[in-house]
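The values are calculated or read from the model by the stated rules, or taken from the named source; none is laboratory data. The model shown is predicted, which means the values in this text are computed figures rather than measured ones. Positions of Cβ are backbone-derived with ideal geometry, glycine not excepted, and every protein chain shown enters the neighbour counts.
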Amino acid sequence: MQLQIEPWQEELFKPHRYKVVYGGRGSGKSYGVADALLILSCSRKCLILCGREFQNSIKDSVHSLICQRIEALGLRNRFEITHDEIRNTLSNSRFIFKGLRHNIDSIKSTAGITHLWIEEADTLSANSWRVIKPTIRDNDSEIWATMNPKNKSDALYKEFIECAEPPKNAYIAKVNWRDNPCFPSVLKDEMEKD
């Protein structure tokens, strides 16, 4: 497996109840989190719920990103990929994909979720956060969030970034384009033009 771990990613492999990675576009946050979750899924049995506030179809999820990272890391022989689930055939870990707002009741009845990854967490409503947080309750379960903050009133921004004291057992990392050794030249050109 070929994997370059960036300094901000190292803490993703340590136990924390909350892991919040935020910053600008092109920073590699989602790629780094996908890589870390894939590696974790190879080391032990996990049930990883990949969610976002609004997901009308699997195309709206991180399913394709995880598939890309499986290929890039040379892990294709370890995973079975279906339309709506990705399973590690050695550890029996599973990645499942759901929109949070419209599936909150079915998520509440899903037992054994070890990891929740909330992509585009800046769009997560306060109501969804209030309901989903205690739903992820297995021992040592973790809630991961990646976001490009837009408003200081966003639920997770208020709880983890714009707060006097972040929750205990939280890892919070600001990651931007300088932290991405693979920052696309097309984005660099756009950034410099802006």
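Structure notes:
- Residue in region 82-95 that is in a strand (DSSP E or B), touching a Leu at 6+ places or on another chain (Cβ under 8 Å) and modelled with pLDDT of 95 or more present: yes
- Answer residue from region 131-147, given it is more than 17 Å from residue 48 (Cβ to Cβ) and either of a type in the set (Ser, Thr, Tyr) or touching a residue at least 12 places away in the same chain (Cβ under 8 Å) (or both) and is surrounded by the fewest Cβ atoms within 10 Å (Cβ to Cβ) among those: 131
- Considering residues of region 78-113 that are in contact with a helix residue (DSSP H, G or I) (Cβ under 9 Å, 6 or more places away or on another chain) and touching a residue at least 60 places away in the same chain (Cβ under 8 Å) only, the residue farthest from residue 151 (Cα to Cα): 110
Residue-by-condition table, conditions (1) under 13 Å from the mean Cα position of the chain (by Cα); (2) at pLDDT below 80; (3) assigned to a loop (DSSP other than H, G, I, E, B):
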{"position": "4", "(1), (2), (3)": "no, yes, yes"}
{"position": "11", "(1), (2), (3)": "no, no, no"}
{"position": "15", "(1), (2), (3)": "no, no, yes"}
{"position": "26", "(1), (2), (3)": "no, yes, yes"}
{"position": "32", "(1), (2), (3)": "yes, no, no"}
{"position": "40", "(1), (2), (3)": "yes, no, no"}
{"position": "51", "(1), (2), (3)": "yes, no, no"}
{"position": "55", "(1), (2), (3)": "no, yes, yes"}
{"position": "67", "(1), (2), (3)": "no, no, no"}
